[in-house]
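> For reference, the structure I am asking about is given below.
Quick note: the coordinates plus some simple rules give every number you see, no bench work behind them. Remember, predicted model here, so these are calculated numbers, not experimental data. When we count neighbours, we look across all protein chains shown, and the Cβ atoms used for this are built from the backbone with ideal geometry, even at glycine.
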């Protein structure tokens, strides 16, 4: 048989606390400095994210405008170059230019093939830089 001794030690003296509770001024300053550095980094990351979003929106707009201009040129347009601006309050930064060049290729059957290169370039201002997007297509007759 096993017996257990269940004695409890009672302490008569109160527990003395020698360390003060709370943070020192130095600890608070270090914590604030770390939080400030982290916030500055996150704000910079957020600004770069906004810039990338605006550039992506501008590029998407330029692609859609170039496709629309290419669709209005027709299947086999005349050769030459033209320029212009897009109309509308949201599109005032965008300009376009088209270039159609003709090339005659010798075919294997002896019949020459006329190929026209259609190019539509959309330009826009991005801050101090001019950016562009070029869409190319070929027409054969």
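> Identify the single condition in (1) under 21 Å from residue 140 (Cβ atoms); (2) in a strand (DSSP E or B); (3) free of Cβ contacts under 8 Å to residues at least 24 places away in the same chain that residue 78 does not satisfy, given that it satisfies every other one.
Result: residue 78 fails condition (2) only.
> Report yes if some residue within the range 50-57 is under 33 Å from the mean Cα position of the chain (by Cα), free of Cβ contacts under 8 Å to residues at least 40 places away in the same chain and farther than 24 Å from residue 121 by Cβ; otherwise report no.
yes
> Those residues that are touching a helix residue (DSSP H, G or I) at 6+ places or on another chain (Cβ under 9 Å) and farther than 15 Å from residue 70 by Cα, I need them from the range 83-93; list them, please.
90, 91, 93
> If you don't mind, another one. Could you give every pair whose Cβ atoms fall below 9 Å, whose first residue belongs to the range 89-102 and is free of Cβ contacts under 8 Å to residues at least 24 places away in the same chain, and whose second residue is part of a loop (DSSP other than H, G, I, E, B) and loosely packed, with under 13 Cβ neighbours inside 10 Å, counting only separations of at least 6 or pairs across chains?
Listed by first residue and then by second, the contacts come to 99/79; 101/79; 102/79.
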